[in-house]
Each structure stands twice: as C-alpha cells, then as structure tokens.
Amino acid sequence: MQKNQVAAGCDYVNFRIVVLMKPTPDPDKVRFDAEKGTIIREGVELIINPYDLPAIELAVQVKEKLGGEVIVISMAPPQGEEALRDAIARGADRAILLTDRRFAGADTLATSYALASAIRKLGNVNLVIGGEKSIDGDTAQVPGEVAEMLGLPHVSYVSRLIDIDYSRAIVESDLESEVVTYEAPLPCVLQVTLNVAKPRIPTIKGKLQARKAIVEKWSADALADIADINRFGIKGSPTMVYRVVIPKEKERKRIILDTEQGVKAVVDLLMKEGLL
Amino acid sequence: MKLRDYYPYFEDFHEDIKSLAKNVSQELEKRAREADEKGSEEIMRENLKMLAELGFLGINVPEQYGGQGLDERSVVLSLEEISRGCAATAFSLGGHYLAVDSILIGGDEALKQKFLPRLAKDSVGAFALTEPNAGSDAASIVTRAEKKNGYYVLRGEKHFITNGSIADVFVVFAKTSPEKGARGITAFVVERGTPGLLIGKKEEKLGVRASPTNQVFLDNVEVPAENVIGKVDEGFKIAMQALTRGRIGMAAQAIGISRLALQLAINYAENRMQFGQPIINQQAIQFMLSDMLTMLRASEELTYKAAWLADRKADVTLEAAVAKLFATEAAKLIVDKSMQIHGGIGYTRDQVIERLYRDVRILTIAEGTSEIQRLVIFRNIKKALD
C-alpha cells in the first residue's frame with residue numbers, strides 16, 4: 001500500500017508512533033508518608049511505569065515492521081528525564097519531556113490535555129500507544145482521554161496486535177468477560193495491556209548511547225500556540241483530592257462452631273450468596 | 001540513591017550499567033529457582049545467550065575486538081546485580097571472564113584478533129587450571145604440553161571446570177617445562193571440538209547448581225602453536241593475574257547475594273508477627289540486620305575500591321585478595337543471619353534464602369580459598385604498611 005493513500009489528513013513523510021509514558025517512582029525505592037498517606041516523590045528516582053514498557057516495545061515492533069519513528073512523550077518533573085533516556089535505550093527515536101511548574105498538580109484530565117496538546121503540536125501522528133495504567137495513580141484514564149481530545153478512535157485493553165499497515169490496525173481487546181477483535185483506522189490510540197508485547201532489555205551499547213541522547217524539554221509556553229495553558233496543571237484539574245487514607249485492616253470476627261453447626265452455617269452463607 | 005552519592009569510585013555511565021544489569025537480573029530471577037532445582041544446563045545456555053546479545057560477555061573487551069570496551073567497575077556492577085537475580089548465572093559469567101581476561105592479559109595481537117571477537121559476541125569461555133591434585137597449589141599441575149611439528153600436544157585432566165560442558169573456548173594451563181615448576185607452565189587456547197578434548201562428568205553440587213562444573217580430559221589434544229597465550233613457560237603469571245581480576249568479581253557476586261539476603265530478611269521481619277507484633281520490632285532482630293548492613297557496606301567499599309584501582313592500572317594483588325576474603329566471608333555470615341531471621345520457613349525450598357544459603361558457600365572456596373587469600377595478603381603485608 002502506498003503511504004500517501006492513508007487516512008485523510010495525514011500528510012506525513014514518516015510513520016509516526018507516539019508512546020505516552022509516565023515516569024513513576026521506582027517501587028523498590030519508594031517510601032510513603034504514613035501520616036499524609038501519600039507517596040514521597042521528592043528525590044525519588046523515576047523509572048518507566050512498568051505498564052508502559054509493553055507500549056514502548058509494541059511501538060518499536062511496529063516501527064521495525066513499517067518504518068518511521070517512535071516518539072515517547074512524558075509529562076513529569078525534570079527528573080523524569082532518566083526514564084525517557086531508558087525509553088531511548090529501548091528503541092525510541094525521540095523523547096519529549098513536558099516539564100514546567102505550570103503542568104504540576106494535574107489530574108488525569110489536565111495530564112491528558114497536555115499530552116494531547118503535545119501530540120497536536122507534533123502533528124502527523126499515525127499511531128498513539130499508551131500503557132494500561134500507572135503503578136502509582138492506577139486510573140487507566142489517560143489514553144482514552146487523549147484519544148477523545150484528539151478526536152481519534154481508540155481501543156482499550158489491547159492484548160494483541162494481530163496486524164497493522166499504514167491504514168489500519170487489527171487488534172484484540174481483552175475485556176474481562178470476552179476477547180473482542182477490532183479493526184481501527186489509523187490514526188488511532190491503543191491502550192495496551194502487559195500481554196501485548198514482551199519488553200526487550202536494552203543492550204549495553206543502546207544504554208550507553210541513550211546517555212548521550214537529547215531529551216527535548218517542552219514548557220507550557222511551547223504549547224501555548226495550540227493550547228489553552230489555563231487547562232494545564234492544577235488550574236485545569238477539576239479533581240479535588242479531599243483526603244488520602246490508608247484503609248485500616250478490619251479485624252476478623254472469630255466464630256468457633258462445632259462441625260455440624262459449622263457445616264450448616266457455611267451452607268447457609270453460600271445459599272444466601274446464591275452460590276449453591 | 002545513586003552509587004555516586006555515596007561512593008567516590010564511579011562515573012555517571014556506571015549508573016547505566018547498574019540499572020541495565022538490574023533489568024537483566026530481574027529477568028534471570030524468574031527462572032532461578034527452576035534452574036537450581038533442575039541443575040539446568042539448558043537454562044544456563046539461554047541465560048548466557050541473553051547476556052551475550054545484550055553485550056555482557058564482552059563487557060571488558062576493547063571495542064576494536066567487538067566488545068563494549070568498559071572497565072572493571074562495570075564488570076563488578078554487572079556481576080553484583082546478576083548474582084542477585086541468579087547466582088549460578090553470575091558464577092558462570094565469572095568463569096567466562098577468567099578466560100577472556102587471560103587472553104586480554106597475556107595474548108598477543110593475533111591471538112586477541114582470533115578469539116576476543118568470538119568471546120565478546122556469543123562464545124562462552126572456560127578457565128581450566130585446577131586438577132585433581134592441584135587445587136590451591138596450582139603450580140603443581142601435571143598436565144603436559146609437548147611441542148611437535150608446530151603443534152603442542154596436551155595430555156592430562158582438569159577438574160572442577162566451570163562452564164566445561166557449555167564452553168566454546170577453553171583456556172588451558174599445562175606444563176611445558178615440568179622441571180621448572182611454576183615457571184614451566186604455559187597457557188593455551190583450546191577450542192571445543194578439537195580432537196581429544198573430552199568433557200567428563202558434571203558435578204552434582206550443593207549450590208550454583210545451574211552453572212555446569214565438569215571434568216575436562218585432554219587426550220593428546222593438538223593445539224596450534226599460535227594458540228599459546230603470551231610466551232611459553234610464562235602462563236602461571238597470566239593465571240595469577242586473571243585470578244586477581246576474578247577475585248574482585250567474586251567479591252562482587254558476594255555483594256549481590258548479601259544484598260538480596262538482607263532485603264529478604266527485612267521483608268520477612270517486617271511481616272512476621274510473633275508475640276503480637278512484627279519481629280522487626282525486636283532489638284535482637286534489629287541488631288542482626290544492622291550487623292548485616294555494616295558488613296555489606298564494608299564489602300562494597302573494599303570491592304569497589306579494588307575495581308577502581310584496577311581501572312587505574314594499579315597492582316591490585318593485595319586489594320583484590322582483601323576484598324574477596326572479606327566480602328565472601330561476610331556474605332556467608334549475612335546469608336546465615338538472614339536464614340536465622342527467617343526461622344523454620346527459611347530452611348525450606350519455598351524461600352529464596354534457602355537457595356542463597358547453598359549458593360553462597362562456593363564463594364569462599366572457588367578462585368582461591370579464603371586461606372589462599374590470606375596467604376596472598378600475608379605476602380604483601382609489609383608493603384601494605386609502608
């Protein structure tokens with residue numbers, strides 16, 4: 001298929017794949033503030049969110065098949081740069097870090113808006129891939145929101161890429177009760193699960209080259225021409241966190257019954273739950 | 001925390017090597033238990049294949065021979081992280097490095113050209129010095145090499161050869177001038193498949209079970225004269241220098257095992273409830289953990305410093321022996337304390353500490369026992385006080 005026969009509105013030279021990656025605290029090193037119930041983020045190394053590793057791998061595999069480039073975009077404080085370097089070591093060609101105090105305090109809506117704005121700024125993007133969720137926030141909302149903001153079709157919980165060419169992707173989406181096969185026209189957004197691809201480990205050469213690679217840093221101003229900067233960060237975040245609590249363990253009730261009573265009690269319970 | 005925040009011996013790129021080796025280690029860890037239980041040579045082949053693809057087999061081989069051109073500190077960080085995931089794999093990798101180092105240290109340009117690119121790419125190396133009657137007294141080997149028409153004919157048997165059954169390239173030490181003792185030993189490169197090179201039985205070991213250890217028989221093996229490493233009769237020095245490097249690597253493996261043992265102990269102590277509270281609240285446990293960290297820190301300091309000195313081309317005979325002696329003996333104690341904290345469950349196959357307890361034991365024996373380290377240290381003791 002000719003590259004220029006592709007979906008309307010795409011006058012690209014290269015097949016451009018964007019991966020949304022969140023630098024998250026290294027779970028091996030993370031500490032919690034027990035009183036506030038929050039993660040201590042200051043001074044903690046940020047690594048690639050483990051759920052985003054298969055997204056990067058899938059993007060690199062697609063690039064290996066169709067050519068083009070993989071661009072990883074993150075919104076994070078400056079120390080997110082290391083995670084982006086790691087993404088380069090794992091096969092990404094470009095890395096963009098949206099970093100600015102004005103991005104801080106963002107909920108998923110403001111985060112998605114910043115990421116979508118960056119994709120818009122890049123232009124000519126053919127495929128956007130995001131991980132299932134992040135290990136710290138665990139919301140799983142960003143890829144879908146980005147797709148909606150960009151007006152692109154999106155498929156969630158993609159567990160397998162069956163086929164892809166310059167005009168469409170055929171994917172399996174693993175919903176809890178069933179597996180559905182979709183054909184999505186490109187450009188589109190795929191939110192992928194851990195099963196979609198086994199992340200490769202970078203080679204020593206790749207890792208050392210990535211050290212020298214340039215991570216592009218974009219401020220809020222860099223997006224000002226195509227975005228409303230009031231929708232970034234805390235200003236653009238309608239979510240209000242009232243309080244974070246660590247749930248208290250509930251003490252189990254200890255009931256001691258003799259065998260006959262016990263069996264009867266268990267059967268009654270199962271009947272009540274509709275399991276018998 | 002970054003290495004550089006608390007050790008002066010490293011440069012920025014070492015952080016990358018450490019983090020990469022950690023990724024590798026996490027991958028190796030997934031099959032470490034299975035590899036141990038089965039004593040699986042197959043898993044070891046796959047592990048080494050992965051390490052080869054990522055560049056670890058040639059980590060310290062100069063780039064001109066297809067390696068990564070990195071330093072001893074990179075070797076140390078790699079072995080440390082890898083031994084945390086799978087001690088057997090680190091042990092085999094250490095055996096490979098001994099062969100590589102022998103060629104790097106003693107080989108002439110032609111020999112380096114001939115073998116280093118292969119060893120840096122995908123060929124596994126083995127270091128064959130030890131014999132049934134020549135362990136700590138390595139100079140007493142009886143394997144013979146006699147020159148005949150441009151070949152050396154090797155006869156003898158080697159024991160406890162790490163990677164014996166999976167190596168492609170063997171560095172073999174043999175007597176060329178038996179009357180000259182240690183000064184009559186020559187190092188040779190012998191390729192797998194050379195007629196007369198026979199791999200004997202695999203040892204059933206207590207620990208590092210997935211790392212194959214074999215007898216190697218040399219039944220009139222014809223080795224081309226060009227495969228002599230360095231000069232004839234000067235092989236013993238090459239062996240000693242390679243082993244000095246190896247000792248720093250062994251100390252690194254000890255650090256990896258120690259760190260994992262300490263982490264496991266902390267995790268367990270935080271979760272194990274006795275007398276109505278986690279046992280980590282008991283001072284007896286806290287003191288054990290503190291002693292473990294103190295020993296670990298000292299091991300790190302000695303080992304990283306030895307590696308740093310080696311990278312400055314200093315003579316590290318003494319520092320390597322000190323690091324190996326301390327770090328491997330400390331690792332035994334640390335693992336033992338970790339098991340003590342685990343209590344009964346730690347004695348079962350369900351717990352990683354049980355494997356570590358077996359794996360760690362080889363470290364004070366292989367590549368020079370602790371007693372040999374003490375001899376080496378004693379020989380340098382006056383110089384050290386100057």
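Values in this text are rule-based calculations from the coordinates and carry no lab data. Predicted model, so just to flag it, every value in this text is computed and none were measured. Every residue, glycine as well, gets a Cβ built from its backbone with ideal geometry; the counts of neighbours run over all protein chains shown.
Numbers for the structure displayed
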| item | result |
| --- | --- |
| The stretch B:237-381: C-alpha pair distances exceeding 26 Å, % | 30 percent |
| Cα-based helix-to-principal-axis angle, B:12-29 vs chain B, degrees rounded to 10 | 80 degrees |
| Distance between the stretch A:131-174 and the stretch A:200-276 - C-alpha centres, whole angstrom | 18 Å |
| Crossing angle, helix B:41-54 versus chain B [Cα axis fit, 0-90 degrees, rounded to tens] | 90 degrees |
| Residue of B:Lys175, B:Lys147, B:Lys337 that the Gaussian network model of chain B assigns the largest fluctuation, springs spanning Cα pairs under 10 Å | B:Lys147 |
| Prolate/oblate/rounded call for the stretch B:3-121, Cα gyration tensor, a/c under 1.5 rounded | oblate |
| Least to most buried among B:Phe56, A:Phe32, A:Phe232 (fewest other Cβ within 10 Å first) | A:Phe32, A:Phe232, B:Phe56 |
| For chain B: relative contact order, % (alpha-carbon pairs under 8 angstrom, 6 or more apart) | 16 percent |
| Inter-chain Cβ neighbour average for residues B:12-25, partner chain, 10 Å | 4 |
| Assigned charges on the beta-carbon of Lys, Arg, Asp, Glu; the protein assembly as shown dipole about Cα centre (debye) | 1180 debye |
| Fluctuation leader among A:Leu223, A:Leu257, A:Leu97 - chain A, Gaussian network, Cα springs under 10 angstrom | A:Leu257 |
| Long-range HN-HN contacts of A:Glu45 with modeled amide H, under 5 Å | A:Asp26 |
| Rg [Å, one decimal], Dmax [Å, integer] - chain B, C-alpha atoms | 20.8, 79 |
| Shape call, the stretch A:3-236: gyration tensor on alpha carbons, a/c limit 1.5 | rounded |
| Residue mean of other protein chain beta carbons inside 10 Å, A:201-212 | 6 |
| P(r) tail fraction, the stretch B:25-79 - alpha-carbon pairs more than 12 Å apart, % | 69 percent |
| Inter-chain shielding of B:61-72 (mean C-beta neighbours from other protein chains, 10 Å cut-off) | 1 |
| The stretch B:319-386: C-alpha gyration tensor shape, a/c 1.5 cut-off, then a/b vs b/c | prolate |
| Cα-Cα over 23 Å, subset of A:Lys133/B:Lys18; A:Lys65/B:Lys121; B:Lys22/B:Lys158; B:Lys22/B:Lys237; B:Lys202/B:Lys324; A:Lys121/A:Lys235 | A:Lys133/B:Lys18; A:Lys65/B:Lys121; B:Lys22/B:Lys158; B:Lys22/B:Lys237; B:Lys202/B:Lys324 |
| Burial order of peptide ranges B:98-110, B:365-377, A:14-26 (average beta-carbon count within 10 Å, highest first) | A:14-26, B:98-110, B:365-377 |
| Exposure proxy order (Cβ contacts within 10 Å, fewest to most) of A:Thr259, A:Thr203, A:Thr193, B:Thr213 | A:Thr259, A:Thr203, A:Thr193, B:Thr213 |
| 13 Å beta-carbon shell around A:Ile234, net charge (K/R +1, D/E -1) | +2 |
| Assigned charges on the beta-carbon of Lys, Arg, Asp, Glu; the stretch B:237-381 dipole about Cα centre (debye) | 360 debye |
| Taking the C-alpha atoms of the protein assembly as shown, convex hull volume expressed per residue in Å³ | 218 Å³ |
| Ordering of B:215-228, B:237-250 by packing [mean C-beta count within 10 Å, highest first] | B:237-250, B:215-228 |
| For the stretch A:191-276, diffusion coefficient by Stokes-Einstein and Kirkwood Rh (Cα), 37 °C, 0.692 mPa s, µm²/s | 153 µm²/s |
| Sequence-distant lysines (8 or more away, or on other chains) whose Cα lies within less than 24 Å of A:Lys272 | A:Lys250, A:Lys253, A:Lys264 |
| Of A:Ala83, A:Ala222, A:Ala110, the one that fluctuates the most in a GNM where chain A has Cα springs shorter than 10 Å | A:Ala222 |
| Axial C-alpha extent at least 15 Å, average Kyte-Doolittle at least 0.0 - helices from chain A (DSSP) | A:53-66, A:108-122, A:259-272 |
| Highest to lowest packing among B:284-296, A:234-246, A:176-188, scored as the average C-beta count within 10 Å | B:284-296, A:176-188, A:234-246 |
| Ranked list, fewest to most other Cβ atoms within 10 Å of each Cβ, for A:Thr108, A:Thr139 | A:Thr139, A:Thr108 |
